[in-house]
1. Nearest 0.05, what FRET efficiency do residue 68 and residue 125 give at R0 = 41 Å with Cβ-Cβ as r?
2. Could you tell me which of rounded, prolate or oblate describes the chain, using a ≥ b ≥ c as the square roots of the eigenvalues of the alpha-carbon gyration tensor, with rounded for a/c under 1.5 and, failing that, prolate when a/b is larger than b/c and oblate otherwise?
3. Among the chymotrypsin sites (Phe, Trp or Tyr not before Pro) within the range 1-77, which fall in a DSSP loop and have no more than 15 other Cβ atoms within 10 Å of their own Cβ?
4. Considering amide H positions built from the backbone, and no H for Pro or chain starts, which residues 5 or more places from residue 38, or on another chain, come under 5 Å of its amide H?
5. Using the Karplus equation 6.51 cos²θ - 1.76 cosθ + 1.60 (θ = phi - 60°), what ³J(HN,Hα) coupling, rounded to whole Hz, does each residue of the range 134-148 give in order, writing x for Gly and Pro?
6. Can you list which of the trypsin sites (Lys or Arg not before Pro) found in the range 123-179 are DSSP loop residues with at most 15 other C-beta atoms within 10 Å?
7. Using a basic spin-label model with each label point 7 Å from the Cα along Cα→Cβ, how many nm lie between residue 27 and residue 169?
8. By how many degrees, between 0 and 90 and to the nearest 10, does the Cα long axis of helix 174-184 differ from the longest principal axis of the chain?
Amino acid sequence: MNIVLGSKNSSKKRSIEIALTQLGITDYTISCIDVQSRVSSKPINEEILIGAQNRTIALINYCQKNSIDYDVLISLEGGYEQIEDKYFIVTYADLFTKDWQRFTGKSQGMQISKKMFEWVKNGKSLNKVIESIIGVDGNKTKGGITGYLSNGRYSRDEFDASAVMMAFTSMKNSELYLRLEEKMWE
């Protein structure tokens, strides 16, 4: 399977590798193309999914212009979600196949505090704060916020991998969706 990822972020590539391993998919290559999400650097709510979809559209255009063959395009966008008085870190995966089918996956949500959410909403970076605490640069491509808040037990790679797994699961099991829908109307 020839996969093109809409980012050069090594953490996002590792998340795809983790997901494919867990799904038992071993025959693949991943090419990384840097494309823009065209949303803020810290997207909130629906802007997260829009960012992933924008990356996919940019990938489609890039692959067409450069005659790049692919089986699957995949774009990941992480961000922050508010549901009532609860705040979460989430990731969306947007998967697009060569036969023009689109599948979306969403990670679990890791709860953050209102104070953290407001910090991000005001344009500030939680990763920069974490880097000052742990004394290491590049936290965004390493453990990420989820790695820090889980005390290293749940890295960004693993967190994002859950969104990728959900998108691939929907793609690989589309016949189950159809069977369920058909049975609903019997």
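None of the figures in this text is laboratory data; all of them are computed from the coordinates on show. The shown structure was predicted, so the numbers you read here are calculated from the model rather than taken from an experiment. Every residue, glycine among them, receives a Cβ derived from its backbone with ideal geometry; neighbour counts consider all protein chains shown.
1. After rounding to 0.05, the efficiency reads 0.80.
2. In terms of gyration-tensor shape, prolate.
3. The qualifying sites are 28.
4. none
5. The phi angles translate into 8, x, 10, 7, x, 4, 4, 9, 10, x, x, 5, 5, x, 5 Hz.
6. When the trypsin sites (Lys or Arg not before Pro) of the range 123-179 are filtered for loop state and at most 15 Cβ neighbours within 10 Å, 124, 153 remain.
7. Once both label points are built, they end up 2.5 nm from each other.
8. 80 degrees
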